[in-house]
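Okay, so here's the structure we're looking at.
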Amino acid sequence: MSRVYNFSAGPAVLPEAVLKEAAAEMLDYRGTGMSVMEMSHRSKAYDDIIKAAESDLRDLLHIPDNYRVLFLQGGASQQFAMVPMNLMKNRAADYIITGQWAKKAYQEAGMYGQANAIASSEDRTFSYIPDCSDLPVSENADYVYICENNTIYGTKFWTLPDTKGKDLVADQSSCFLSEPVDVAKYGLIFAGAQKNVGPAGTVIVIAREDLIREDVLEGTPAMLRYKTHADAGSLYNTPPTYGIYICGKVFKWLKEMGGLEEMKKRNEKKAKLLYDFLDQSRLFKGTVEKKDRSLMNVPFITGDEALDALFVKESKAAGLENLKGHRTVGGMRASIYNAMPMEGVEKLVAFMDDFEKKRG
Ligand SMILES: *Cc1c(COP(=O)(O)O)cnc(C)c1O
């Protein structure tokens, strides 16, 4: 068996230790005689799994007591609808458009109320984060929405926008648990699991209690109400049991690694290696404004499409997989999430250096 270095943007690399542990527990989870996949979500064994997952996540992020943690389904995209359905009391919200995911969320919100695009970086293919120090926040806005790390374009909000007192809602899918976060600065955070914490299909929502409301938009299905899931401890119906189990293992792994301060250090070190190489390269260049660079997703180009294609092909043959950039940006993209070891980035940079010497 040989594993590749997987630079996919998502579903993405998971810690090998987690996969091995899950494999060892596949047929008989800790003496239950069955796989977690085959287990009732109402069983004692599963109750321990979901409770431990929540408690470890609370430890990692120091989630305040007045915030609820929900493990839901439908991926991050379902939150594009759940957020407005549950939070749009005044039927208005402000969106900052920093990429495709933010735009999709904005368009979805427009189906339920007035969605205002109050800042955007679309004029330059989302290659930067717009100035959010003095936004025209709408008086009646129920919240201000951001996509905190833009998976496709490789930008990150390093300063949160001044929301002028409105609740901040953040899609953290591709930066979730990559660094410490002050949860109290947000009204609601959500993250699809398949970028940094687990299998696709699971989405984690962290919401301040007062935003888990009874008076949601008329016609909101029970399954799309935060309250339904909060009241039932994420066990209203069958949750994505196996996904939550793997997320729980990743949370434990993160704690063992030293928590989010340590992950931030590691992630900075990995990203620096790659960005430093890009900044001195005569062949490759990063596509993003330096001040807004993501630690998780690093897009780069040679400026020559044929050469980009050759790079993707040859890197794959060298065991560096999924480096092809998103179709809207072109070129390459290296996603270097928590579970990507330093060694993977070192191999990538060595490969790029070699490629440059041969073809540049
Ligand atoms: C991948 C991604 C999504 C979409 O996730 P799904 O689980 O496929 O719905 C949304 N937002 C961001 C930032 C993402 O990276």
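The values are calculated or read from the model by the stated rules, or taken from the named source; none is laboratory data. If you're wondering where the values come from, they're calculated on a predicted model, not measured in any experiment. Cβ coordinates were reconstructed from backbone atoms using ideal geometry, including for glycine residues, and neighbour counts include every protein chain displayed. What goes into the accessible areas is simple: the full protein's heavy atoms, side chains included, and nothing from ligands, DNA or RNA. Shrake-Rupley method; radii C 1.70, N 1.55, O 1.52, S 1.80 Å.
A few remarks follow.
- Considering the conditions (1) at pLDDT 95 or above; (2) closer than 30 Å to V349 by Cβ, H62 is excluded by exactly one of them, (2).
- Selection count where residues are closer than 19 Å to P341 by Cβ, in contact (Cβ under 8 Å) with a residue 24 or more places away in the chain and either more than 23 Å from the chain's Cα centre (by Cα) or open to solvent by 70 Å² or more (accessible area, probe 1.4 Å) (or both), scope the range 17-44: 1
- Tally, over the range 156-203, of residues that are under 21 Å from E261 (Cβ atoms) and away from the ligand (no atom under 11 Å from the Cβ): 16
- The set of residues in the range 334-356 being among the charged types (D, E, K, R) and touching a Leu at 6+ places or on another chain (Cβ under 9 Å) consists of E346, K347, E356.
- Output for the range 214-249, where each listed residue is within 23 Å of S40 (Cα to Cα), assigned to a loop (DSSP other than H, G, I, E, B) and touching a residue at least 24 places away in the same chain (Cβ under 8 Å): G233, S234, L235, T238, P239, P240
Yes/no matrix, rows are residues, columns are (1) within 17 Å of the chain's Cα centre (by Cα); (2) of a type outside the set (A, V, I, L, M, F, W, C):
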residue: A170; (1), (2): yes, no
residue: S174; (1), (2): yes, yes
residue: V183; (1), (2): yes, no
residue: K195; (1), (2): yes, yes
residue: I212; (1), (2): no, no
residue: T228; (1), (2): no, yes
residue: T238; (1), (2): no, yes
residue: G243; (1), (2): yes, yes
residue: E262; (1), (2): no, yes
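- Checked against (1) in contact with a Ser or Thr (Cβ under 8 Å, 6 or more places away or on another chain); (2) part of a helix (DSSP H, G or I); (3) surrounded by fewer than 20 Cβ atoms within 10 Å (Cβ to Cβ), F311 passes all but a single condition, namely (3).
- Number of positions in the range 51-67 that are of a type in the set (S, T, Y), part of a helix (DSSP H, G or I) and either under 13 Å from D182 (Cα atoms) or not assigned by TED's automatic domain parsing to the domain that holds G243 (or both): 0
- With respect to the stated conditions, R293 fails to be out of contact with any Asp or Glu (no Cβ under 9 Å at 6 or more places or on another chain), touching a residue at least 40 places away in the same chain (Cβ under 8 Å) and under 17 Å from A339 (Cα atoms).
- Residues that are open to solvent by less than 10 Å² (accessible area, probe 1.4 Å) and of a type in the set (G, A, S) were ranked within the range 82-113; the one that is farthest from the ligand (Cβ to nearest atom) is A92.
- Residue count, the range 1-35 (criterion: away from the ligand (no atom under 16 Å from the Cβ) and either on the phi > 0 side of the Ramachandran plot or not basic (K, R) (or both)): 24
So that you can scan it fast, the table gives a plain yes or no per residue for (1) touching a Phe, Trp or Tyr at 6+ places or on another chain (Cβ under 7 Å); (2) open to solvent by 30 Å² or more (accessible area, probe 1.4 Å):
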| residue | (1), (2) |
| --- | --- |
| A115 | yes, no |
| D123 | no, yes |
| F126 | yes, no |
| C132 | no, no |
| S138 | no, no |
| V144 | no, no |
| C147 | yes, no |
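- Output for the range 234-259, where each listed residue is crowded, with 19+ Cβ neighbours inside 10 Å and among the polar types (S, T, N, Q): S234, T241
- Entry remark, the range 176-204: residues being open to solvent by 30 Å² or more (accessible area, probe 1.4 Å) and among the acidic types (D, E) number 1 in total.
- Residue check: G331 meets all listed conditions (1) open to solvent by less than 20 Å² (accessible area, probe 1.4 Å); (2) under 20 Å from the mean Cα position of the chain (by Cα) but one, namely (2).
- Considering V329, V349, the condition of being in contact (Cβ under 8 Å) with a residue 12 or more places away in the chain and not in a helix (DSSP H, G or I) is satisfied by V329 alone.
- Applying the set (1) part of a helix (DSSP H, G or I); (2) open to solvent by 60 Å² or more (accessible area, probe 1.4 Å) to M1 leaves exactly one unmet item: (1).
- Residue match in the range 208-221 (condition: assigned by TED's automatic domain parsing to the domain that holds E108 and within 16 Å of the ligand (Cβ to nearest atom)): no
- Subset of the range 58-77 [of a type outside the set (S, T, Y), within 15 Å of the ligand (Cβ to nearest atom) and open to solvent by 60 Å² or more (accessible area, probe 1.4 Å)]: Q73
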